[in-house]
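A.B. asks: Can you read through this structure? Questions will come right after.
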Amino acid sequence: IKPDVCAMGVNTTFASSGGLAVNGNGTSFSSPLIAGSAACLWQGKSNLNNIQLLNLIKQNSSNTNNPDNNIGWGIPNFCNTLTSVQEWIKGKNIRIFPNPSSHVFYIESSDLIKQVSMINILGNKVFEKSTDNFSCKIDAQYLANGIYFVAIELKNGEIFYLKVLKE
């Protein structure tokens, strides 16, 4: 799928040669906007390689659920990308993204996932899914906004809990 991501090319604010904030139109403004934002993000997430950074940007973009050949993965949300949750627990790489999210959470693990559950703040299980994969998708669009705990049971029997925010 190309392009990977997009940026505004209409009424884009940028610094003029005189140092003033001005607006302009054209695709020549969108590329520097993405490149500059990605460079700032990489400085904040310097432990990532270039492919990991690109994947993180795609996962936190407006069209991440339905990428297409018009806008790719969409317009990146660099704030969400910077705060995307990655947990290293007992040497296990378990990741939930995007977090926060308004409709879907993705889970990735370096070990096989057996089952995933979402528990609301009252302790009620509101989602449960069995799987035999290294990744899992949680459709949370019908859940109320709030904080949830995600229980991730690995194939080896270990269970880990991570916190997510449904907006």
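Since every read-out is calculated from the coordinates, none of them should be taken as a lab result. Since this is a predicted model, take the numbers as computed values, not measurements. In this analysis, Cβ positions are derived from the backbone assuming ideal geometry, glycine residues included, and neighbour counts consider all displayed protein chains.
A.B. asks: Would you calculate the volume per residue, in Å³, of the smallest convex hull containing every Cα atom of the chain? Write out the running numbers ahead of the final one.
C.D. replies: On the way: hull volume 23.2 nm³, N = 167.
Residue-normalised Cα hull volume stands at 139 Å³.
A.B. asks: Where does the chain land at 222 nm, in deg cm²/dmol rounded to the nearest 500, when only DSSP H runs of n ≥ 4 count, each adding -39500 (n - 2.57), divided by all residues? Please report the intermediate quantities before stating the final value.
C.D. replies: On the way: 3 runs with 34 residues, N = 167.
Estimated from H runs of four or more residues: -6000 deg cm²/dmol.
A.B. asks: Give, as ranges by residue number, the residues of region 111-135 whose backbone N falls under 13 Å from the point 7 Å along Cα→Cβ of Ile147.
C.D. replies: 120-123
A.B. asks: Pairs of Cα atoms under 8 Å, at least six residues apart: use those to get the relative contact order of region 108-167, whole percent. It would help to have the intermediate numbers written out before the result.
C.D. replies: Numbers: 117 pairs, mean separation 21.9, N = 60.
Worked out over region 108-167, it gives 37 percent.
A.B. asks: Pop out the ³J(HN,Hα) list for region 16-21 in order, Karplus 6.51 cos²θ - 1.76 cosθ + 1.60 with θ = phi - 60°, rounded to Hz; leave Gly and Pro as x.
C.D. replies: 6, 4, x, x, 8, 7
A.B. asks: Between 0 and 90 degrees, rounded to the nearest ten: what's the tilt of helix 50-59 against the longest Cα principal axis of the chain?
C.D. replies: 80 degrees
A.B. asks: Could you tell me how many degrees, from 0 to 90 and to the nearest 10, lie between the Cα long axis of helix 27-44 and the main elongation axis, the longest principal axis, of the Cα atoms of the chain?
C.D. replies: 50 degrees
A.B. asks: Would you work out which of Val126, Ile152, Thr13 lies farthest towards the positive end of the dipole of the chain, given +1 charges on the beta-carbon of Lys and Arg and -1 on that of Asp and Glu, about the Cα centre?
C.D. replies: Of the candidates, Ile152 comes out farthest on the positive side.
A.B. asks: Right, another one. Tell me, what is the FRET efficiency for Ser31 and His103 to the nearest 0.05, using R0 = 22 angstrom and their Cβ-Cβ distance as r? The partial results should precede the final answer.
C.D. replies: Numbers: r = 29 Å, r/R0 = 1.32.
Once the sixth-power term is evaluated, E becomes 0.15.
A.B. asks: Still on this model: Please report the relative contact order for the chain, taking Cα pairs under 8 Å with a sequence separation of at least 6, and give it as a percent rounded to a whole number. Each step should come with its number before you reach the end.
C.D. replies: Values: 329 pairs, mean separation 27.0, N = 167.
Averaging sequence separation for qualifying contacts and normalising by length gives 16 percent for the chain.
A.B. asks: Could you give the length gained by full extension between Ala15 and Ser46, i.e. 0.36 nm per residue of separation minus their alpha carbon distance, to one decimal place? List each step's numbers first, then the result.
C.D. replies: Values: separation 31, 0.36 × 31 = 11.16 nm, distance 2.63 nm.
Full extension from Ala15 to Ser46 adds 8.5 nm.
A.B. asks: Nearest 0.05, what FRET efficiency do Leu82 and Asp139 give at R0 = 25 Å with Cβ-Cβ as r?
C.D. replies: Taking R0 as 25 Å, the efficiency between Leu82 and Asp139 is 0.50.
A.B. asks: For the chain, what is the charge dipole size about the Cα centre, in debye to the nearest 20, if Lys and Arg each add +1 at the Cβ and Asp and Glu each add -1 at the Cβ?
C.D. replies: 160 debye
A.B. asks: Additional query: Highest mean first, what order results for 115-126, 93-104 on Cβ atoms within 10 Å?
C.D. replies: Details: 115-126: 13.8, 93-104: 18.0.
In descending order of packing, they fall as 93-104, 115-126.
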